[in-house]
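Quick notes on the structure that follows.
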């Protein structure tokens with residue numbers, strides 16, 4: 001369960017960041033642009049020092065991980081699985097950036113056998129999931145898209161998002177109820 005007001009605050013934060021980056025409320029914000037604003041370095045597994053090439057190949061093909069945020073001396077880096085689609089990478093980056101925007105603690109890692117796994121804080125993951133979606137496609141973007149008669153595919157293309165994310169954001173924002181006339185044309 002998200003804290004009371006978190007959803008509304010996330011929408012406001014998304015619009016505030018767009019304003020700070022000189023974007024209109026409906027304009028596309030790339031995750032890399034937001035990372036640059038927060039001075040977060042985005043790296044691939046190949047760029048991690050002392051990583052074995054075979055390990056990198058296995059890691060990139062391992063579908064259960066998308067991105068991980070590391071913090072060292074108040075500097076953040078996101079290691080991104082570049083084997084995923086561009087839309088998924090964008091979504092993964094927004095999720096990791098949401099952790100940073102929220103000021104979440106880096107929860108550390110736990111070793112099981114010879115493998116390290118990231119520890120998860122369920123509340124922080126839910127917050128990052130919600131805020132990440134708002135950063136990627138805030139309600140204002142969907143309002144603009146509906147008024148512009150954009151199809152879900154057009155929205156996906158415009159915001160570098162998966163069809164699933166677009167459908168999810170349309171459903172959770174209730175936008176299709178507000179714009180029933182537009183929604184009936186393509187949903």
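Descriptive notes on the structure:
Residues are listed down the side, and each one gets a yes or a no for (1) within 16 Å of residue 14 (Cβ to Cβ); (2) not in a loop (DSSP other than H, G, I, E, B):
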residue	(1), (2)
128	yes, yes
133	yes, yes
150	no, no
177	no, yes
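- Taken together, the criteria place residue 34 among residues that are touching a helix residue (DSSP H, G or I) at 6+ places or on another chain (Cβ under 6 Å) and either at pLDDT 95 or above or surrounded by 16 or more Cβ atoms within 10 Å (Cβ to Cβ) (or both).
- Check on residue 143, over 16 Å from the mean Cα position of the chain (by Cα), modelled with pLDDT of 90 or more and under 17 Å from residue 14 (Cα atoms): yes
- All conditions in (1) surrounded by fewer than 22 Cβ atoms within 10 Å (Cβ to Cβ); (2) farther than 16 Å from residue 29 by Cβ; (3) at pLDDT 95 or above hold for residue 128, with the sole exception of (1).
The values are calculated or read from the model by the stated rules, or taken from the named source; none is laboratory data. The model shown is predicted, which means the values in this text are computed figures rather than measured ones. Note: ideal-geometry Cβ built from the backbone for every residue, glycine included; neighbour counts use all protein chains shown.
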